[in-house]
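Trainee: Below is one structure. I have some questions about it.
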Amino acid sequence: MTRPTRAVLNWSHLRHNYELVRNVGSGRTYAVIKANGYGHGLVNCARALSAADGFAVACVDEAMQLREAGIQRKVVVLQGAYDAAEWKLAAEHNIQLVVHHEQQLADRDSVTLSAPVGVWLKINSGMNRVGFRPEQADAVLARIAADDKLDLRHVMTHFAAADDRQDDSFMAQLQVMAGREWPVSLSVSNSAALLRDKTVNGQPLAEGVRRPGICLYGCSPILGESAAGLGLKAVMTLESKVISSHWVPAGETVGYGGDWRAERDTRVGVITIGYGDGYPRHAPSGTPVLVDGVECPLIGRVSMDMITVDLTDHANAGIGSHVELWGENLSADRIAALCGTISYELFCQLTPRVKRVARELPTDTPSPCAAAACKTHG
Ligand SMILES: *Cc1c(COP(=O)(O)O)cnc(C)c1O
């Protein structure tokens, strides 16, 4: 037997989530699959979403991985080019680039491009991370317009706190974008903004392209709102098995540092997963772990390769019991909150030791019954 620790990926849930958000509001929907598809696998996510309007990745390296895998769909690089060589690659491989800084235009001017490059102008509407300040926009737009190898596609921005309905910055940033005419359509929405009302001065902000990420993977982008309540389905289920169980008498401790002490005679189950797999070391005692479908509390510190759970109240569980750490039956949002982080980080931290396996093939070929239904209905 090989190690049973694996991330099972449900590609039909990825497609379900994409279709769900695509049908909220209007505008095209580019799936954000940066950082290895939020840990789910860059190329497999792109294959599963082969019908997507386009993709967004963080860097040219990621865009090139898609091209090298034969994926020819539209792709935009959210950080744009880091140097002149990346401008050339973008031109050769039909990769669209965000332009957020003067340096990128200087790099562009230092090379001859073999073909026009689609560019998205990034405006800093208040997050103050990257982007041109609104008052710089006219000069940059003129510079792009004067360059026959730059093809302006969209003007974009990114929100600092779209996930928090109580935070006023969302409306302030929207107002910056809505406060003037732009020569091309906008792209403003991450997952949270896509699901929120973007009415400014009585007008819903029109968007050419939205850029949802986390909601595609089945997590809630909005604070205090559950993914299930939003109709989203978990794509990744992180699984393992119980490999040992034994009784520990009341008064003794379990694990490194002896942090957790048994208040009663306790049956300890040992599961083969740890921070070496990306299960968060900061998961506190009490974090739920599903053992054969029953929530059992984590006890003691997370080790590199193992965790321990309290099986005292789950008499049927033992060696070989199936374990879910998060996924279809235990939301990653809930685990993340207990660990003081966000689902994004849990996914991105999964290490290569965790085998990624598909619940089904990562293609969008209709299932036999769907194909049959098509036939019946002519
Ligand atoms: C990562 C990212 C997104 C997607 O954000 P989610 O919160 O995962 O929806 C959208 N736009 C930009 C610029 C990003 O960097």
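The values are calculated or read from the model by the stated rules, or taken from the named source; none is laboratory data. Quick caveat, the model's predicted, so the values are computed rather than measured. Note: ideal-geometry Cβ built from the backbone for every residue, glycine included; neighbour counts use all protein chains shown.
Trainee: Exactly one condition in (1) within 24 Å of ILE95 (Cα to Cα); (2) in contact with a strand residue (DSSP E or B) (Cβ under 7 Å, 6 or more places away or on another chain) is not met by PRO134; state its number.
Mentor: (1)
Trainee: I need the full set of residues from segment 162-196 which are under 16 Å from PRO221 (Cα atoms) and within 11 Å of the ligand (Cβ to nearest atom), in order please.
Mentor: ALA162, ASP163, VAL188, SER189, ASN190, SER191, ALA192, ALA193, LEU194, LEU195
Trainee: Sort through ASP61, ASP107 and tell me the only one that's out of contact with any Gly (no Cβ under 7 Å at 6 or more places or on another chain) and closer than 22 Å to ARG133 by Cβ. Explain how you work it out, then say what you get.
Mentor: Details: ASP61 fails: closer than 22 Å to ARG133 by Cβ.
Going through ASP61, ASP107 in turn, just one is out of contact with any Gly (no Cβ under 7 Å at 6 or more places or on another chain) and closer than 22 Å to ARG133 by Cβ: ASP107.
Trainee: Here is a list of conditions, (1) in contact with a helix residue (DSSP H, G or I) (Cβ under 9 Å, 6 or more places away or on another chain); (2) more than 29 Å from TYR18 (Cα to Cα); (3) aliphatic (A, V, I, L, M), and VAL309 meets all of them except one; can you say which number that is?
Mentor: With (1) in contact with a helix residue (DSSP H, G or I) (Cβ under 9 Å, 6 or more places away or on another chain); (2) more than 29 Å from TYR18 (Cα to Cα); (3) aliphatic (A, V, I, L, M) applied to VAL309, the lone miss is (1).
Trainee: Mind checking whether some residue in segment 146-158 is of a type in the set (Ser, Thr, Tyr) and surrounded by fewer than 20 Cβ atoms within 10 Å (Cβ to Cβ)?
Mentor: Scanning segment 146-158, I find no residue that is of a type in the set (Ser, Thr, Tyr) and surrounded by fewer than 20 Cβ atoms within 10 Å (Cβ to Cβ), so the answer is no.
Trainee: Can you tell me which residue among GLU263, GLU207 is charged (D, E, K, R), within 16 Å of the ligand (Cβ to nearest atom) and not in a strand (DSSP E or B)?
Mentor: GLU207
Trainee: Something else now. What residue, among those in segment 205-250 that are among the acidic types (Asp, Glu) and closer than 30 Å to GLY179 by Cβ, is surrounded by the fewest Cβ atoms within 10 Å (Cβ to Cβ)?
Mentor: Ranking the candidates gives GLU225 first.
Trainee: With the condition kept exactly as written, say whether any residue in segment 273-285 is of a type in the set (Ser, Thr, Tyr) and closer than 26 Å to MET127 by Cα.
Mentor: No, segment 273-285 has no match at all.
Trainee: Sticking with this structure for a sec: Can we say VAL176 is more than 19 Å from the chain's Cα centre (by Cα) and β-branched (Val, Ile, Thr)? Explain how you work it out, then say what you get.
Mentor: Working: more than 19 Å from the chain's Cα centre (by Cα): yes; β-branched (Val, Ile, Thr): yes.
The answer is yes for VAL176.
Trainee: Still on this structure, I have one more. So MET1 fits all but one of (1) modelled with pLDDT under 95; (2) of a type in the set (A, V, I, L, M); (3) touching a helix residue (DSSP H, G or I) at 6+ places or on another chain (Cβ under 8 Å); what number is the exception?
Mentor: Condition not satisfied by MET1: (3).
Trainee: Being touching a Gly at 6+ places or on another chain (Cβ under 8 Å) and either at pLDDT below 95 or within 14 Å of the ligand (Cβ to nearest atom) (or both) is the filter here, so list the residues in segment 125-155 that pass it.
Mentor: If the condition is that a residue be touching a Gly at 6+ places or on another chain (Cβ under 8 Å) and either at pLDDT below 95 or within 14 Å of the ligand (Cβ to nearest atom) (or both), then SER125, HIS154 are the ones that fit.
Trainee: Answer yes if at least one residue in segment 181-194 is of a type outside the set (A, V, I, L, M, F, W, C), in a helix (DSSP H, G or I) and within 30 Å of LEU325 (Cα to Cα), and no otherwise.
Mentor: Looking for residues that are of a type outside the set (A, V, I, L, M, F, W, C), in a helix (DSSP H, G or I) and within 30 Å of LEU325 (Cα to Cα), one finds at least one in segment 181-194, hence yes.
Trainee: Moving to a separate point now. Test VAL8 against the stated conditions and say whether it is aliphatic (A, V, I, L, M), out of contact with any strand residue (DSSP E or B) (no Cβ under 8 Å at 6 or more places or on another chain) and away from the ligand (no atom under 12 Å from the Cβ).
Mentor: On the way: aliphatic (A, V, I, L, M): yes; out of contact with any strand residue (DSSP E or B) (no Cβ under 8 Å at 6 or more places or on another chain): no; away from the ligand (no atom under 12 Å from the Cβ): yes.
Taking the combined requirement at face value, the residue does not satisfy it.
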